[in-house]
Amino acid sequence: MVQARVIVLAGGSGATGEVLSRTLVEAGHRVVVTGRSASRLATLRSSVPGVETVEADATEFAVMRDLADRLRTSHGTVDAVIPLVGGWRGGGGLAGQSDDDFAALLPALEAVRATSRAFDAELRASAAGRFAIVSSTAVARPLAGGANYAAVKAASEAWTRAVAQGYAKAARDAGESLRAASVVFRAKALDPEVLAARVVALWDEDAIDLNDRIVDLG
């Protein structure tokens, strides 16, 4: 029997969030999805019975910290946080990497920073906390036409690996076994169904085996 987890999909009101929400709810988990669009959240609720939604900006630390406090009161725990803020802009070679495009991509990194910081205490307190991001194979082989995108993804991966080190250090300093894990999912062309299956499997392994891992989604 699957143990029910409380899972936050931050910025998850899009198509990937819908697939992930449905898979997790059907697996018996409690899923909370944040988004900035009330209409998109309403559409998600009608498509995925049982999902909980909160209108909130995943890139704002204070907003996410408030959500963490509220979920701790209402749900007792938060077991996983997955920021899904994304998007792609590119093309035009190196000269085509505009400041506007870079600024449009930055919210993905901002969401990783805000959510990991805001839910840090909750995930470390969980019996099996998980923080995971969705990255790209472009990090390993960046191209000039996607330099902005690859740079933001690389920074997001670096931050997520720093989260992993923080989990390990906190457990070591407390003289406790590692319970929380921070994971990077990399995909060339993201298949939401594949991502959903891998998220469900995050609790199939101990944190010590998962923490600081880069998982190839193909």
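Per Stokes-Einstein, at 4 °C and 1.567 mPa s, what whole-number D in µm² s⁻¹ belongs to the stretch 120-218, with the Kirkwood radius over Cα pairs as the hydrodynamic radius?
Working: Rh = 14.1 Å.
Approximately 92 µm²/s, per Stokes-Einstein.
Restricting to Cα pairs below 8 Å that are 6+ residues apart, what does the relative contact order work out to for the chain? Please round to a whole percent.
Working: 432 pairs, mean separation 40.9, N = 218.
Averaging sequence separation for qualifying contacts and normalising by length gives 19 percent for the chain.
Just for the chain, what percent of DSSP beta bridges are antiparallel, to the closest 5?
Numbers: 0 of 25 bridges.
Rounded to the nearest five, the antiparallel share is 0 percent.
Return, ordered by residue number, the residues of the stretch 134-167 whose backbone nitrogen is under 18 Å from a label point located 7 Å along Cα→Cβ of residue 95.
So the set is 144-148.
So which helices of the chain fit the span-like rule, where a helix is a whole DSSP H run, its Cα atoms reach 24 Å or more along the axis, and its mean Kyte-Doolittle is at least 0.0? Numbers along the way, then the final one.
Numbers: long enough: 99-118 (28 Å, 0.15); 147-174 (40 Å, -0.22).
Counting only whole DSSP H runs, the qualifying helices are 99-118.
How long, wide and thick is the chain, going by the Cα atoms along their three principal axes, in whole angstroms, largest first?
51, 43, 33
Amide H of residue 206: which non-local residues (sequence gap of 5 or more, or other chain) have their own amide H closer than 5 Å, using H built in the peptide plane?
Those lying under 5 Å, H to H, from residue 206: there are none.
Which of the GluC sites (Glu not before Pro) found in the stretch 166-218 are in a DSSP loop and have at most 14 neighbouring Cβ atoms, other than their own, within 10 Å? Before the final figure, lay out the partial values.
Numbers: sites: 176, 193, 205; in loops: 176, 205.
Of the GluC sites (Glu not before Pro), the ones in loops of the stretch 166-218 whose Cβ has at most 14 other Cβ atoms within 10 Å are 176, 205.
Spin-label point model (7 Å from Cα, Cβ direction): what's the residue 141 to residue 170 distance in nm?
Going by the 7 Å Cα→Cβ label model, 3.7 nm.
For the stretch 1-58 and the stretch 151-193, what is the separation of their C-alpha centers, rounded to whole Å?
Centre-to-centre (Cα) distance: 21 Å.
Rounding to the nearest 20 debye, state how big the charge dipole of the chain is about its Cα centre with +1 on each Lys and Arg Cβ and -1 on each Asp and Glu Cβ. Show your work: numbers first, answer last.
Details: 24 positive and 26 negative charges, 13 e Å.
With Lys and Arg at +1 and Asp and Glu at -1, about 60 debye.
Modelled label-to-label distance, residue 69 and residue 201, 7 Å Cα→beta-carbon offset: nm?
3.9 nm
FYI, it's all coordinate maths here, none of it is from the lab. Please read all numbers here as calculations on a predicted model, not as lab measurements. Using ideal geometry, Cβ is built from the backbone for each residue, glycine included, and neighbour counts are taken over all protein chains shown.
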